[in-house]
Every structure is written in C-alpha cells, then in structure tokens.
Amino acid sequence: MRHRQIKLIAVLFTAYVMITGCNKDNPFVEPEQITMDINGEWKGYLLLDGLGTERTADSNYIFNVVQNNDLLTASIVIPAEFGFSLPITFSGKINNDSTFTMTGNHNNTELTIYATVKEDHTLELVVNGIEEEAQFLIMYKEEHLLTGSFSNEYKLELKLGQIGTGRSIILVHGMDDNATTWNTMLDYFDNHGIDETNNVWVFEYKWWRHIDVNGNEMAAYVLGAQIDSTISKDPIIIAHSMGGLVSRSYVANVSHVDTTNFHRLVTLSTPHLGSKLGHFVPFGDEDGIGDLLPGHDFLDDLNSNSYEKTQRSKYWLLNGRVGTYLSCYIGPVATCYKWHYPTPTSVEKIGHAKLEKQNDGMVTNSSARFSGNDYYEADNNVHRINTFEWINHKQLNKDDRVCKWVKDFINDHQ
C-alpha cells in the first residue's frame, strides 16, 4: 500500500513538472496572449490636469501605436502650445486587465503614460512630463465615431391624451434622432397624469436638412393641425438640442408670423450660439449640421431676428453637464480618472474634451444658456434654469429629474 502511494506521488510530480516546467525560466512556456488590439492611429483631446482642473487645448493629440502581443511602441504628437515640435517615442507593455504603462524621453526629461483601454473603444491616457501637472486625455479612433440615421419622415403625431383636452404639448427631437427619443418622457407623463390634463404630440423632421427648412415644415404641420382643431392654439413646445433651433425658426417664420403661435418654449441643451462639434461628427457636411457651426449665417440671422427677440420672454432654457474627476494614484501622482455617473457615451466623452468646458458632451453651457458673450448675457428676457449636473446631452430628455421638471412646468403653465 505504501509503495503504491509513493508511486502515485511520483506520477503526479512528474505531470506537474511537465505542465509547469522546473523553474520560472522554462523556455517552453508560451507567453500569455493579449486579446485586445490597440494598433493604429488614435486622436484625442485634453480633459483636465493633475490638480483636477478642467482644461481645453487649442488642437488635438495624435497617438500612433504598434502592438506585438503585449509589447507596445508608440509616438505621440502633442499640441504645439505646450512647446513640443516633434513626436515623442514611447515603449511599454499592455496587461490583460486593459491597462498599460509606457515611458519616453524628451530633452532628458522622462515622460510616462498610464492608460486604460475602455469597452466603448476609447483610451484614457494620463501623461506625466508635458507640464508640471499631469495631463489627462481621452483618445479615439475615427471608425468608432457615431454614424447618422437618415430614415426620418415629416410627421406630427398624437402620443398621449385626447384631442381637445387642455393645452397641446409638442415635443421636438434633436440631431441624429427621431420621435422615439421621447418615449421615456412620454411614459413619465403617462404615469404622472399629463394624459388627463393635456394632449401630447411629437414632431419628427429630417434633421439633416437646413434648420429653417424644418422650421417651415413644423409651421405647416402645426398650422394644419390647428385648422383641423386637433392642436390647440398657443401650444407648449418642449425641444431637445437642434429641435430648439427648429422651434425658434418656427417662431421666427416670416411666412407664418401671424400663425406660428406658442405659449411657452422649453429648450433642453439647444446650441443657441452653435456648437463646434459640427466639424467633428462624420456627417458634419450635412446642411442641418453646418447650420450649427458658430458664426453661421443661419445662427446670426436667427439670433438677430427682431420679431423672434420679442418672444424670448416665453423661453425657458435647460442644460446638462458632464465631467471627470481624479480617481487613482501611485503615491502623490494621479494615474487615472473617472466620469461622473451616469457615464456619457463615447462620442460625448470626446465632445466634452474637444469643447470649451463646461459642457454636456455636445453643447457648451454658454451656448445652451444663451450667454456666450456680453451681448447675449445682457438678454435677460430668457429664463435660464440651473444646470442639471452630470446629465449628458443624449440623456437630458430622458433623465427623471428633467422629466419631473418638465411635468411640473406643464402643470404650472397651463
């Protein structure tokens, strides 16, 4: 029996040696394979520094990566404003926990990169050595940007309540969106009695067309419904993003100036002064997106429209905000950051970094609040509501806090 036990132990030991090798330097052990692939060119923008201060750089960073399993070599082009005229070369290793560290050298100064690969196809980089404080960046690949949906139709549909019950409410969606974006808010209205006091409609339009064209279409649809006595005179309009500019074009419509009536207009993160992300999205050459660029003739004409100016006392402006905070450290050095919850989409993360801070990932607070300069700041006719912290652009018409605010607003302005 004892002999049999010893023999079994010997067999097990031999098997263990064959599997694991006799020592850590066993040349027959294959290196662990890294499943993630970060090869290629990444572009990115500055988010904040090592003091936690939000920052915006004049231009973007370019990060070129060559990966051979877990070994990395890379070069990074840093905006000229920081005094770097040539790319800096880095080397390092990537880990299976989606993190990697790289080191480089510039003029005898060591630079270090701490990075995390995110599931939404972004890289979160922390670069030490560019400035006295670390720089925190967000990187992306252009093929991972959003693509546009061009299936919208012009339609004005009753979604909630009965025709003739109270004042009509019209919901107007934003860029690259459609009528379904209001489903969450409609459910909230339904659960809180708006269906018993009002009739709620959704206007869908072709967001890729010029905004004033869509304003004309909105005027025609609303006027037609009012002639048919299905929508009340002086409806309340709730508009998200680009939809706020469509609604303001409806108000300013010269052809229908006597009939484009409304009681109140609530805009949810509308780029009243434009948004530079028109240069950023892959469908930025569409007419409607071009209208959003700051300084575009459309915006200048709308914002200087004498009749529309007289209507601004009936405007209520809401906006959200996204942001980051320092999260982990090696000694006193911050090595990662996190996004305030709820986490924005990858496009909103990149948009937040690219735009002047503060913003909601797509629209700056100053543009959404009609306060981008002294001239607009002095326009106290509009009602600016306190910023809804940590609600990103796409969620602003879906978040419970905003849905509650809009519901209460409707009840207070019947």
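The values are calculated or read from the model by the stated rules, or taken from the named source; none is laboratory data. Here the structure is a predicted model, which is why all the values come from computation and not from measurement. When we count neighbours, we look across all protein chains shown, and the Cβ atoms used for this are built from the backbone with ideal geometry, even at glycine.
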| task | Note down all Cβ pairs under 7 Å where the first residue falls in the range 247-269 and is at pLDDT 70 or above, the second is among the aromatic types (Phe, Trp, Tyr), and they're at least six residues apart or on different chains. | result | Val251/Phe262; Ala252/Tyr307; Arg264/Trp316; Leu265/Tyr315; Val266/Trp316; Val266/Phe409; Thr267/Tyr315
| remark: Restricting the range 119-154 to residues that are among the aromatic types (Phe, Trp, Tyr) and under 30 Å from Tyr329 (Cα atoms), the one farthest from the chain's Cα centre (by Cα) turns out to be Phe136
| Do you know which of the residues in the range 318-363 that are in contact with a Ser or Thr (Cβ under 7 Å, 6 or more places away or on another chain) and hydroxyl-bearing (Ser, Thr, Tyr) is farthest from Gly129 (Cα to Cα)? | Ser346
| note | The residue from Glu41, Glu81, Glu110 that alone is without any contact (Cβ under 8 Å) to a residue 24 or more places away in the chain, farther than 19 Å from Cys328 by Cα and of a type in the set (D, E, K, R) is Glu110
| field | For Ala74: the one exception among (1) within 22 Å of Tyr325 (Cα to Cα); (2) in contact (Cβ under 8 Å) with a residue 24 or more places away in the chain; (3) small (Gly, Ala, Ser) | value | (1)
| field | Candidate set from the range 166-183 (those that are part of a helix (DSSP H, G or I) and in contact (Cβ under 8 Å) with a residue 24 or more places away in the chain); member that is nearest to Ile194 (Cα to Cα) | value | Trp182
| message | Name the residue that is surrounded by the fewest Cβ atoms within 10 Å (Cβ to Cβ), counting only residues in the range 314-340 that are at pLDDT 95 or above and not in a strand (DSSP E or B). | response | His340
| task | Go through the range 368-414 and give me each residue that's among the small types (Gly, Ala, Ser) and modelled with pLDDT under 95. | result | Ser371, Gly372, Ala378
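Please go through the range 81-117 and pick out each residue that is outside any strand (DSSP E or B) and surrounded by fewer than 11 Cβ atoms within 10 Å (Cβ to Cβ).
Correct list: Glu81, Ser85, Leu86, Asp97, Asn107, Asn108.
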| query | Looking at this structure, is Thr345 closer than 30 Å to Asp400 by Cβ, out of contact with any strand residue (DSSP E or B) (no Cβ under 8 Å at 6 or more places or on another chain) and buried (at least 16 other Cβ atoms within 10 Å of the Cβ)? | reply | yes
| task | Looking at (1) crowded, with 19+ Cβ neighbours inside 10 Å; (2) under 19 Å from His263 (Cα atoms), find the lone condition where Asp195 falls short. | result | (1)
| Evaluation of Thr181 against (1) at pLDDT below 95; (2) crowded, with 18+ Cβ neighbours inside 10 Å; (3) of a type in the set (S, T, N, Q) (one fails), failing number | (1)
| Filtered residues of the range 44-61 (kept if of a type outside the set (Asp, Glu) and either in a loop (DSSP other than H, G, I, E, B) or more than 24 Å from Thr364 (Cα to Cα) (or both)) | Gly50, Leu51, Gly52, Thr53, Arg55, Thr56, Ala57, Ser59, Asn60
| Tabulated pairs, the range 44-62, first buried (at least 22 other Cβ atoms within 10 Å of the Cβ), second small (Gly, Ala, Ser), C-beta under 8 angstrom, 6+ apart or interchain | Gly44/Ala353; Tyr45/Ala57; Tyr45/Ala353; Leu46/Ala57; Leu46/Ala353; Leu47/Ala353; Tyr61/Gly44
| query | Within the range 198-246, how many residues turn out to be over 30 Å from the mean Cα position of the chain (by Cα), among the hydrophobic types (A, V, I, L, M, F, W, C) and either part of a loop (DSSP other than H, G, I, E, B) or surrounded by fewer than 24 Cβ atoms within 10 Å (Cβ to Cβ) (or both)? | reply | 5
| said: Glu157 - would you say it is in a helix (DSSP H, G or I) and either closer than 30 Å to Arg55 by Cβ or more than 25 Å from the chain's Cα centre (by Cα) (or both)? | reply: no
| Glu204 vs. criteria more than 29 Å from Lys404 (Cβ to Cβ), touching a strand residue (DSSP E or B) at 6+ places or on another chain (Cβ under 7 Å) and in contact (Cβ under 8 Å) with a residue 24 or more places away in the chain | no
